[in-house]
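This report refers to the structure that appears directly beneath it.
The values are calculated or read from the model by the stated rules, or taken from the named source; none is laboratory data. It should be emphasised that the depicted structure is a prediction, and the values quoted were computed from it without experimental measurement. Here the Cβ positions follow ideal geometry from the backbone for every residue, glycine too, while neighbour counts run over all protein chains shown.
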Amino acid sequence: MSSASAPDGPAPSSGGGAPSSGGPAHPAGSAPAPPDAHDRFAAFVVRRDGDGVTSGIEDLCLADLPGGDVLIDVAWSSVNYKDGMVTVPGNRVARTSPLVPGVDLAGVVVSSADSAIAPGTQVLAHGGDLGVSRHGGYARYARVPAGLVVVLPSGLSARDAMAIGTAGFTAALSLDLLEHHGLRPDDGPVLVTGASGGVGSFAVVLLAARGYDVVASTGKTDEHAWLRGLGAAHVIGRGDLDESGGRVLAPEHWAGAVDCVGGDTLAQVLRGLRYGAAVAASGLTGGSGIDTTVYPFITRAVALLGVDSVRTPADRRRDVWDRLATDMRPPHLDDLVAAEVPLPDVAGALADILAARVRGRLLVRVGAPETQGPARRGAARRGTGRGGAPAT
Ligand code: NDP
């Protein structure tokens, strides 16, 4: 195997020619040679074991991968809350065992049954059943359906794509939905909950870059300055949202909201929306039940917009990624990267995200060589939060 891959491409494979970090998309590069059927490659594997779960690094071969159209030499993956959930005993997220987690990945195409995705193309993939009921990004190779594959837009490297990842894509979808509902920057304050996490921090950055007056809600008292640096005009604590005093409606604060917390937090957001405003809801780190009344809906005409990144149709996926490379390109991308985690250390990163100890995004370095870029030296860090995230 040669080692011609550029810094951001997968680690030595063969043929080389992957684009450099931050360079243009690579639709016509040379493809890495496929591994032999018996070649072994490293993967982080989660197995159900009675009522428990075991996990660790194992050696897989191509025959261990599920069927699919596109074989990808994975350079980068990332850590999302859902990746943590599949390691929790009794979780209802993992649908198969053994499972390679990793709901998103980026790398270069090794072979493809789809003529629109040529070998050598730099791509990303996320959603569908990736990392849930089919092996995902925490392995050197992934075989995925063509419908989940997006050719990297020009200007986004594989590392950039995973710095954005499912979290950034979900934040972009949330903003897109709110703007389709009518939200405009001069409408008033827009609330982001779970603001120090992946979806939340991206929402802060994307909204601020488009001129919104962003109010970030976080449980991490030591991350207020960081959130202001990302563009939040105001930072409030989680408890500050609960001001209804038992009433069904709170004062009308929010012109819009991005909520990835769910539970009581989402109920409080609904109580505090202005007349005609909407909240885009994507997550459940604070719980899956919502105890609310119909009053916000029938007396203030508010809207609860569901956000789903898993079954997003292929053309919409491409459109949103194109926007993330152009008019929605996050201006503080490296500030959002908490760390690059090598595959053998991914278990610790998954524990961190479940315990809400992550600020921003964790990248998983799979096949990409180690870099010394700004994110590795960056101020973002792990281990600043507190526990409390529910298991499912
Ligand atoms: P992160 O863990 O990075 O961020 C979640 C944030 O939620 C935390 O940083 C924390 O923010 C807050 N939080 C954590 N625990 C609690 C709690 N017990 N009560 C209140 N707030 C809490 O996760 P992600 O950003 O990756 O994902 C966020 C949510 O969105 C998850 O539920 C995930 O499953 C979901 N999701 C959904 C998608 C979809 O397609 N619908 C796609 C991607 C994610 P802080 O400390 O700042 O308050």
Checklist entry - Can you name the residue in the range 204-241 that is of a type in the set (Asp, Glu) and over 22 Å from the mean Cα position of the chain (by Cα) and is also farthest from the ligand (Cβ to nearest atom) among such residues? => result Asp213
Item to check | Those residues of the range 74-106 which are away from the ligand (no atom under 16 Å from the Cβ) and either among the aliphatic types (A, V, I, L, M) or on the phi > 0 side of the Ramachandran plot (or both), in sequence order | outcome: Val74, Ala75, Gly90, Leu99, Val100, Ala106
Next on the checklist: Need the failing condition index for Val248 against (1) touching a Cys at 6+ places or on another chain (Cβ under 7 Å); (2) free of Cβ contacts under 8 Å to residues at least 60 places away in the same chain; (3) among the hydrophobic types (A, V, I, L, M, F, W, C), just the number.
Outcome noted: (1)
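Which is under 28 Å from Leu354 (Cβ atoms) and of a type outside the set (A, V, I, L, M), of Gly239, Gly211, Gly188? So that I can check it myself, show each step before the final result.
Values: Gly211 fails: under 28 Å from Leu354 (Cβ atoms); Gly188 fails: under 28 Å from Leu354 (Cβ atoms).
Testing whether each residue is under 28 Å from Leu354 (Cβ atoms) and of a type outside the set (A, V, I, L, M) leaves just Gly239.
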Checklist entry - Where in the range 252-361 are there helices (runs of 4 or more DSSP H), lying wholly inside it, with at least 1 residues that are within 16 Å of the chain's Cα centre (by Cα) and within 11 Å of the ligand (Cβ to nearest atom)? => result 346-354
Checklist entry - Scanning for something free of Cβ contacts under 8 Å to residues at least 60 places away in the same chain and either touching an Asp or Glu at 6+ places or on another chain (Cβ under 8 Å) or assigned to a strand (DSSP E or B) (or both), does the range 220-232 turn up at least one residue? => result no
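Only one of Ser196, Ser157, Ser201, Ser174 is away from the ligand (no atom under 15 Å from the Cβ), of a type in the set (S, T, N, Q) and surrounded by 24 or more Cβ atoms within 10 Å (Cβ to Cβ). Can you tell me which? Working first, answer last.
Values: Ser196 fails: away from the ligand (no atom under 15 Å from the Cβ); Ser201 fails: away from the ligand (no atom under 15 Å from the Cβ); Ser174 fails: away from the ligand (no atom under 15 Å from the Cβ).
That would be Ser157, the only listed residue that is away from the ligand (no atom under 15 Å from the Cβ), of a type in the set (S, T, N, Q) and surrounded by 24 or more Cβ atoms within 10 Å (Cβ to Cβ).
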Checklist entry - Restricting to the range 180-193, what's the tally of residues that are more than 29 Å from Asp222 (Cβ to Cβ) and either among the β-branched types (Val, Ile, Thr) or surrounded by 16 or more Cβ atoms within 10 Å (Cβ to Cβ) (or both)? => result 2
Next on the checklist: Restricting to the range 192-203, name every residue that is under 16 Å from Asp176 (Cβ atoms) and among the β-branched types (Val, Ile, Thr).
Outcome noted: Val192, Val199
Checklist outcome for this item: Those strands (runs of 3 or more DSSP E) completely within the range 90-201 that have 2 or more residues that are under 14 Å from the mean Cα position of the chain (by Cα) are 104-112, 122-126
Item to check | Residues located in the range 107-128, provided they are more than 16 Å from the ligand (Cβ to nearest atom) and among the hydrophobic types (A, V, I, L, M, F, W, C) | outcome: Val108, Val109, Val110, Ala113, Ala116, Ile117, Ala118, Val123
Checklist entry - Do we find a residue being of a type outside the set (D, E, K, R), in the same structural domain as His126 (by TED's automatic domain parsing) and surrounded by fewer than 18 Cβ atoms within 10 Å (Cβ to Cβ) anywhere in the range 71-79? => result no
